1. Filter the stretch 65-84 down to residues that are in contact with a Leu (Cβ under 9 Å, 6 or more places away or on another chain) and open to solvent by 30 Å² or more (accessible area, probe 1.4 Å) and give me whichever is nearest to SER49 (Cα to Cα).
2. Could you figure out which of (1) surrounded by 13 or more Cβ atoms within 10 Å (Cβ to Cβ); (2) closer than 15 Å to GLU89 by Cβ; (3) not charged (D, E, K, R) isn't true of THR122?
3. Does the stretch 66-87 contain at least one residue that is part of a loop (DSSP other than H, G, I, E, B) and more than 28 Å from the chain's Cα centre (by Cα)?
4. Could you tell me whether GLY147 is touching a strand residue (DSSP E or B) at 6+ places or on another chain (Cβ under 7 Å), open to solvent by 50 Å² or more (accessible area, probe 1.4 Å) and small (Gly, Ala, Ser)?
5. Mind checking which residues of the stretch 156-170 are under 16 Å from GLY95 (Cβ atoms), open to solvent by 40 Å² or more (accessible area, probe 1.4 Å) and either of a type in the set (D, E, K, R) or free of Cβ contacts under 8 Å to residues at least 12 places away in the same chain (or both)?
6. Can you pull out the residues in the stretch 13-53 that are hydroxyl-bearing (Ser, Thr, Tyr) and open to solvent by 40 Å² or more (accessible area, probe 1.4 Å)?
Amino acid sequence: MTRTRIATARLHLRVMAAGDLALFRELYCDAETMRHIGRPFSPERAKASLRATLDAIREPHGPRFFVIVERRSRQAVGLCSAQPVALRERSVEIGIMLRRDARRRQIASEALFALTAAVFRTLPIDTVWAQYRKANRGAARLFDALGFYEIDGWRPCGARLRLCVRIVHRSAWQSNQPQGAVPMSNVIGFLENAGRDAAMRHATREQLLQAMRNEQIEPALCDALLQPERMAIDGLMGVREKMYAVNKSIETPKKAPAKAPPKKAPAKAPPKKTPGKKAPTKR
């Protein structure tokens, strides 16, 4: 797996090396980054941990740590990993850590999507799983979006107590990926980069095509993105159904006419008194 090329429209995942100490320290020594993982490391402990991790990577069934690199800026923005393969369970754990400035940009989902696909493609496993603290709502949303789900009655080897565990089986993962489809992350990644670049918003067709070639976007995706209609992109991503939204002007509701006050019933005349009978006069 260490020789497998893992790349998306925006990212490149390379094997971690000794030269990544600065990134390793930035992540593991930062209290805010470690708040859902554990106590932050001291610089000395981070250096020792990196050496131990690099030694473990050389083992045949050891962990696989990758540095997440933005292809456009060539800056390292985080780490992701595939922990030791459990041969009996045929499972592997994945995880991710990002620098502060790399969060809330869909980088985590893009990197983990590519890593999960590579794990299923290259390793003799049936299940990929992840664990996180209950308070880490961001991790819950992330793995839910990737198709990981909770399962009762089974915890993989290495899962810690009181942590949430999400898994995805090979069969479920493959059934959710249309055959021959370009991953959604590739489409989103290029479009987000183009949206942030003011020059790209007014670029000609030739300039857009050259930019996509520079980013090594697949030829089929290049052609689809340059089409005036979105049907080509839908076909690449395996979209079979379309949704349409019609904008309708909102009419101001007419006010109902004010109701006239009810007429008062005329007061009834007091009943006439019957004249009393006169007493007979005595003669």
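1. Taking the stretch 65-84 as the starting set, the residues that turn out to be in contact with a Leu (Cβ under 9 Å, 6 or more places away or on another chain) are 65-71, 76-82.
From the residues that got through so far, the ones that are open to solvent by 30 Å² or more (accessible area, probe 1.4 Å) too are 70-71.
Details: GLU70: 25, ARG71: 27 Å.
It comes out as GLU70.
2. Of everything listed in (1) surrounded by 13 or more Cβ atoms within 10 Å (Cβ to Cβ); (2) closer than 15 Å to GLU89 by Cβ; (3) not charged (D, E, K, R), THR122 misses just condition (2).
3. Residues of the stretch 66-87 part of a loop (DSSP other than H, G, I, E, B): 71-75, 83-85, 87.
Those still in the list that are more than 28 Å from the chain's Cα centre (by Cα) too: 87.
Checked the stretch 66-87: at least one residue is part of a loop (DSSP other than H, G, I, E, B) and more than 28 Å from the chain's Cα centre (by Cα).
4. Details: touching a strand residue (DSSP E or B) at 6+ places or on another chain (Cβ under 7 Å): yes; open to solvent by 50 Å² or more (accessible area, probe 1.4 Å): no; small (Gly, Ala, Ser): yes.
In short, no.
5. Start the filter on the stretch 156-170 by keeping residues that are under 16 Å from GLY95 (Cβ atoms), which leaves 156-160, 163-168.
If we keep only those that are open to solvent by 40 Å² or more (accessible area, probe 1.4 Å) as well, we get 157-158, 160.
Within the stretch 156-170, just ARG160 meets the criteria.
6. First, the residues of the stretch 13-53 that are hydroxyl-bearing (Ser, Thr, Tyr): 28, 33, 42, 49, 53.
Within the stretch 13-53, SER42 is the sole residue that qualifies.
The values are calculated or read from the model by the stated rules, or taken from the named source; none is laboratory data. What you see is a predicted model; the values in this text were computed from it and never measured. As a convention, Cβ positions derive from the backbone with ideal geometry for all residues, glycine included, and neighbour counts pool all protein chains shown. Heavy atoms of the whole protein, side chains included, go into the accessibility calculation; ligands, DNA and RNA do not. Shrake-Rupley method; radii C 1.70, N 1.55, O 1.52, S 1.80 Å.
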